[in-house]
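Before any comments, here is the structure.
The values are calculated or read from the model by the stated rules, or taken from the named source; none is laboratory data. What you see is a predicted model; the values in this text were computed from it and never measured. For neighbour counting, all protein chains shown are included, and Cβ atoms are generated from backbone atoms with ideal geometry for every residue, glycine included. Side chains included, ligands, DNA and RNA excluded: accessible areas come from the protein's heavy atoms. Shrake-Rupley method; radii C 1.70, N 1.55, O 1.52, S 1.80 Å.
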Amino acid sequence: MTDKPIDWTPDLTLPTSKSTVQHFTANAGGDRLEIDATPWGEADLTVNGRSIAHIETARSAGDAFRALETFAEDFEAGKKARGDRRLDQAIEDDEVRQRLGLTRLGTRT
């Protein structure tokens, strides 16, 4: 038996049918995680209200959920390994930002 690091809870208030989005929530490492999966294999993972992963081409809602569940577990494990540093820290050096192909927030190119 494997030890699951994240305990997902389905939203049982949503109607169940083959055409309904499935919504799951979990709390891990001080974060609120959510996965929304569609029957046609599209799914989104949000952490604390911020979208961090999207899948468009899974074969089913179950496949999409499992892929994002693995991503969420890796995300939380990586956060713990980094000592819980924030991922959304700003890159202040314009030269570094340019090498990474990033733009300054609030500007458009």
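One line per residue, one yes/no per condition, for (1) aliphatic (A, V, I, L, M); (2) modelled with pLDDT of 90 or more; (3) within 10 Å of the chain's Cα centre (by Cα):
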{"position": "Thr16", "(1), (2), (3)": "no, no, no"}
{"position": "Val21", "(1), (2), (3)": "yes, no, no"}
{"position": "Phe24", "(1), (2), (3)": "no, yes, no"}
{"position": "Gly29", "(1), (2), (3)": "no, no, no"}
{"position": "Ile35", "(1), (2), (3)": "yes, yes, yes"}
{"position": "Leu45", "(1), (2), (3)": "yes, yes, yes"}
{"position": "Leu68", "(1), (2), (3)": "yes, yes, yes"}
{"position": "Ala77", "(1), (2), (3)": "yes, no, no"}
{"position": "Ala81", "(1), (2), (3)": "yes, no, no"}
| task | Would you please list the contacts, defined by Cβ atoms under 7 Å and residues six or more apart or on different chains, that run from a residue in the stretch 69-92 that is of a type in the set (Gly, Ala, Ser) to a residue that is in a helix (DSSP H, G or I) and modelled with pLDDT of 55 or more? | result | none
| Within the stretch 39-53, which residues are exposed (fewer than 13 other Cβ atoms within 10 Å of the Cβ) and in a strand (DSSP E or B)? | Arg50, Ser51
| task | Consider Arg59 carefully, then state whether it is open to solvent by 100 Å² or more (accessible area, probe 1.4 Å), at pLDDT 75 or above and in a helix (DSSP H, G or I). | result | no
| For residues in the stretch 19-38 being open to solvent by 40 Å² or more (accessible area, probe 1.4 Å) and not charged (D, E, K, R), which is farthest from Phe75 (Cα to Cα)? | Ser19
| remark: With the first residue restricted to the stretch 44-67 and required to be closer than 17 Å to Asn27 by Cα, and the second required to be among the charged types (D, E, K, R) and open to solvent by 60 Å² or more (accessible area, probe 1.4 Å), Cβ contacts under 6 Å at 6 or more apart or on different chains are Asn48/Arg32
